[in-house]
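Engineer: Okay, here's the structure, questions in a sec.
The values are calculated or read from the model by the stated rules, or taken from the named source; none is laboratory data. What you are looking at is a predicted structure, and each value in this text was computed from that prediction instead of being measured. In this analysis, Cβ positions are derived from the backbone assuming ideal geometry, glycine residues included, and neighbour counts consider all displayed protein chains. With ligands, DNA and RNA removed, areas are computed over all heavy atoms of the protein, side chains included. Shrake-Rupley method; radii C 1.70, N 1.55, O 1.52, S 1.80 Å.
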Amino acid sequence: MGEKRRRNAYFLRAIRDLFRFMPFLLWGKLTASVVEGILQVWLPVLTAEIFELAPQLNDVNTSIFRRKIMLLCICVAFPALCSVTLRAVGLYGDCRKEKCYGWNMYGYARRLRLEALEEPKVLDRFRKADAAYSRHLAASRMFSYLLMDLEAALVCISTFFVVGSFSAWLLPGAVCSVLPHLFLDILSEKRRSNTYRGQSGKRRRLKYLWRLFCTKEPVKEMRTMGFEDYLKEKWVASNVEVVKEMEELELRAMRLSAVGVLVKNGCYVANVAIALLLMLRGELAVGQFAACLTAFGLLQDNLFMLSTFVVRFVQSCHHVEEYYAFFYTETEETGTAAYRPFAREITLRDVHFRYPGAGQDALDGVNLTVGKGERVAVVGVNGSGKTTLSKVLTGVYHASSGSVCFDEQNVAEIRREELYRDISLVQQDFVHYNFSLRENICVSDFSRREDEKRIREVAGIVGIQELVQGIGGLDSQLGREFGGSELSGGEWQKVAIARGLFKDSTLIVLDEPASALDPLVEYEILTGFLNMIQGKTSVIISHRVGICRHADKVVVMKDGKVAECGSHEQLKNAGGEYARIWNEQAKWYL
Ligand code: ADP
């Protein structure tokens, strides 16, 4: 899609969503804007009529005079009344907007391919959309400015005719007073947005550095390791660069704006002089002179507002673009076939996988069979492809080529949601949820959150019974951030394993489940785990080979390929890569 067409599509989508999310509020605003616009134009006309009528009041025209005064009051009061009502309704609208736009975005994010989240471009879009949503509520602002523009334009056009009806001599001054301002402001805004776009990489870096100063772990590390000043200088240098560009930009914008203001005021003075001259020459009555000045002031103010709102409208359109661009990110191609738990095996045939933007495959022709109920240990040096294998095996990442089949069914054809429901994956970078301990364990199968027996069972395997008592029970809050108990790295890891075990799935995959635990605890947990999952298919990824003795099959990964595959005894005796790693680690642990 071309750039222009894409922008139009974003704009139309924004308007459609607004009417979908808040139809009453929007129709109300639209109607109020049009009525306000009409009333504002009527104001100078009424003023002129009242000035004309006032000196000649008699029995006949007093009631007309009163009616005109009432209409004048309505013209003045209606906009004030509208603004109070709409502000109150607007507050309700803001809450609703926040919910609608948030869910709209999250609903889409849920459908993204998970490997797309490894792509910097996609992450960038995600962050921008999030900022547009959370800080600017982009579309509604854009619509508000659009309405303000509409109202101001309506007033300008009609007041233009009203001013012209008093004297055509007043029109050039009216136009010249504001057009330069409108033009110069739009020019400044264009420069501003170009500079912002050009700075997007630098600003991202700046934000990243700032986040380091505001996040617990980096703060601790930078202070204890003594590189706080280094990072500060790095941040200051990036900041200076960005701020300098912005200063130059704003200085130029200020100069241009000052020219606009000078021209505006000059034209106003000139028009007052013209109107005065016309009055002295008897071409304008006193009432017309006053109405003429009111209309001219109205025209100038509204032309001025028009230019300001056009600029803000253009600004908010950029945020709208950033929000809606996210909805054009490629989504996950979920299969259409129903998921059937596999009865025999999972088979990988010549599977290749490459991360977006990477120069080479992370999996380079993997062939592997995992039998039903088999306990498989995957070992290998860092970067050999173990984590990637676990994600491709579970259908989280799509193989770039080759096939992953659950029995005969290709994983690509299975409906994702159903597949994920039957898989438990404890990732290396698991999440610390600042919820209660019960929630931390049971989120993987929340329907069973009251199953105390099951919770106790998994807590026993991962060895957190004492922890449960120590923090005051399963329903105690975790995480200092919300006033709860903080756990050690190892304890969080145990909770993550408990979460994986709690889910009653056919396949369970643990990626480096015990990297933060000492070898003795690791051994206990993993043997307890293997006992508990008797009959379940399990894949354990570990850089420590001790667990391999208890596995039915050991897979050794090297350079994205399966280097060796067999039982612990077979591989140990084969004298290859596995035997080398085993002997290396035996010096430390065995
Ligand atoms: P292991 O789990 O054995 O340490 P991984 O599966 O994490 O290895 O990584 C395999 C290869 O893929 C490595 O060369 C790594 O650099 C690369 N890789 C991992 N994650 C990404 C990513 N998000 N983007 C690009 N390359 C990646």
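Engineer: Give me the tail of P(r) for the stretch 148-206 as a percent: Cα-Cα pairs with distance above 14 Å.
Structural biologist: Cα-Cα pairs of the stretch 148-206 separated by over 14 Å account for 70 percent.
Engineer: Under a 1.4 angstrom probe, counting protein chains only, how are LYS587, LYS536 ranked by accessible area, largest first? Walk me through the numbers on the way to the answer.
Structural biologist: Numbers: LYS587 155, LYS536 35 Å².
Result, largest first: LYS587, LYS536.
Engineer: Over the Cα atoms of the stretch 474-535, what radius of gyration and what Dmax do you get, in Å?
Structural biologist: Reported Rg and Dmax, both Å: 13.2, 41.
Engineer: Near LYS561, which lysines are there with a Cα under 29 Å away, not counting those fewer than 8 places off in the same chain?
Structural biologist: Here the lysines satisfying the reach criterion relative to LYS561 are LYS121, LYS372, LYS386, LYS391, LYS536, LYS553, LYS572, LYS587.
Engineer: Taking each pair of distinct Cα atoms in the stretch 201-292 once, what is the resulting Kirkwood hydrodynamic radius in Å? Show your work: numbers first, answer last.
Structural biologist: Numbers: mean 1/r = 0.0547 Å⁻¹.
18.3 Å is the Kirkwood radius here.
Engineer: Ok, one more. With Kirkwood's inverse mean 1/r over C-alpha pairs for Rh, give me the Rg to Rh ratio of the chain, two decimals please.
Structural biologist: Answer for the chain: 1.16.
Engineer: Sticking with this one: Can you give the alpha-carbon Rg of the stretch 1-89 over 2.2 N^0.38 Å, where N counts its residues? Show your work: numbers first, answer last.
Structural biologist: Working: Rg = 20.6 Å, N = 89, 2.2 N^0.38 = 12.1 Å.
Taking N as the residue count of the stretch 1-89, the ratio is 1.70.
Engineer: Taking 25 °C and 0.890 mPa s as the conditions, I'd like the Stokes-Einstein D for the stretch 458-590 in µm²/s, using the Kirkwood hydrodynamic radius from alpha carbon pairs.
Structural biologist: On the way: Rh = 16.4 Å.
In µm²/s, the coefficient is 150.
Engineer: If you put +1 on each Lys and Arg Cβ and -1 on each Asp and Glu Cβ, how big is the dipole of the chain around its Cα centre, in Debye rounded to 20?
Structural biologist: With only Lys, Arg, Asp and Glu charged at Cβ, the dipole is about 940 debye.
Engineer: Of GLY463, GLY500, ALA253, whose Cα points farthest to the positive end of the dipole of the chain (charges on the beta-carbon: +1 Lys, Arg; -1 Asp, Glu; origin at the Cα centre)?
Structural biologist: ALA253
Engineer: Let me ask something additional. When only C-alpha pairs under 8 Å and at least 6 residues apart count, what is the relative contact order of the chain, in percent?
Structural biologist: 15 percent
Engineer: Run through all the Cα pairs of the stretch 281-369 and give the fraction in each 5 Å bin from 0, expressed as whole percent.
Structural biologist: Final binned percentages: 3, 9, 7, 8, 9, 8, 7, 6, 5, 5, 5, 4, 4, 4, 4, 4, 3, 2, 2, 1, 0.
Engineer: Now, a different point. Rounding to the nearest 10 and keeping the result within 0 to 90°, find how far the Cα-based axis of helix 216-225 lies from the longest principal axis of the chain.
Structural biologist: Orientation of helix 216-225: about 70 degrees from the principal axis.
Engineer: Setting aside same-chain residues fewer than 8 positions from LYS29, which lysines have a Cα under 26 Å from its Cα?
Structural biologist: LYS97, LYS99
Engineer: How many percent of DSSP beta bridges within the chain run antiparallel, rounded to 5?
Structural biologist: Of all bridge pairs located within the chain, approximately 50 percent are antiparallel.
Engineer: Sticking with this one: Using all C-alpha to C-alpha distances in the stretch 312-430, build P(r) with 5 Å bins and read off the rounded percent in each one.
Structural biologist: In whole percents, the pair-distance histogram is 2, 10, 17, 20, 18, 11, 7, 5, 4, 3, 2, 1, 0.
Engineer: Find the Rg to Rh ratio for the stretch 12-63, where Rh is the Kirkwood radius over alpha-carbon pairs and Rg uses the same atoms.
Structural biologist: Result for the stretch 12-63 is an Rg/Rh of 1.39.
Engineer: Using only the heavy atoms of the protein chains and a 1.4 Å probe, how would GLU466, GLU151 rank by accessible area, largest first?
Structural biologist: Numbers: GLU466 155, GLU151 30 Å².
From most accessible down to least: GLU466, GLU151.
Engineer: Now, a different point. Could you sort ARG544, ARG255 by their accessible area in this structure, using a 1.4 Å probe and putting the largest first?
Structural biologist: Largest accessible area first, the residues go ARG255, ARG544.
Engineer: What does the convex hull of the Cα atoms of the stretch 397-470 come to per residue, in Å³, rounded to a whole number?
Structural biologist: 148 Å³
Engineer: Another one. How big is the stretch 133-290 on each of its three principal axes, counting only the C-alpha atoms and giving the largest first in Å?
Structural biologist: Ordered largest first, the stretch 133-290 gives principal extents of 85, 31, 24 Å.
Engineer: Over its Cα atoms, what ratio of radius of gyration to 2.2 N^0.38 Å does the stretch 95-216 give?
Structural biologist: Working it through for the stretch 95-216, the quotient is 1.61.
Engineer: Further, regarding this structure: Please report how far the C-alpha centroid of the stretch 178-209 lies from that of the stretch 429-458, rounded to the nearest whole angstrom.
Structural biologist: Distance between centres, Cα-based: 48 Å.
Engineer: For helix 452-462, what angle does its Cα long axis make with the longest principal axis of the chain, in degrees from 0 to 90 and rounded to 10?
Structural biologist: Helix 452-462 sits roughly 70 degrees off the main axis of the chain.
Engineer: Quote the Stokes-Einstein diffusion coefficient, in whole µm² s⁻¹, for the stretch 515-590, based on the Kirkwood radius over alpha carbon pairs, a temperature of 10 °C and a viscosity of 1.306 mPa s.
Structural biologist: Estimated diffusion coefficient is 120 µm²/s.
Engineer: Helix 62-109: angle to the longest alpha-carbon principal axis of the chain, degrees 0 to 90, nearest 10?
Structural biologist: Between helix and principal axis, roughly 10 degrees.
Engineer: Sort the following peptides by mean Cβ neighbour count (other Cβ atoms within 10 Å, averaged over residues), highest first: 193-204, 113-124, 309-320.
Structural biologist: Descending mean neighbour count gives 309-320, 113-124, 193-204.
Engineer: For ASP552, what charge total do you get from the other residues with a beta carbon under 14 Å from its beta carbon, if Lys and Arg give +1 and Asp and Glu give -1? Display every interim value, and only then the final one.
Structural biologist: On the way: positive: LYS372, ARG375, LYS536, ARG549, LYS553; negative: GLU345, GLU374, GLU569.
Local net charge: +2.
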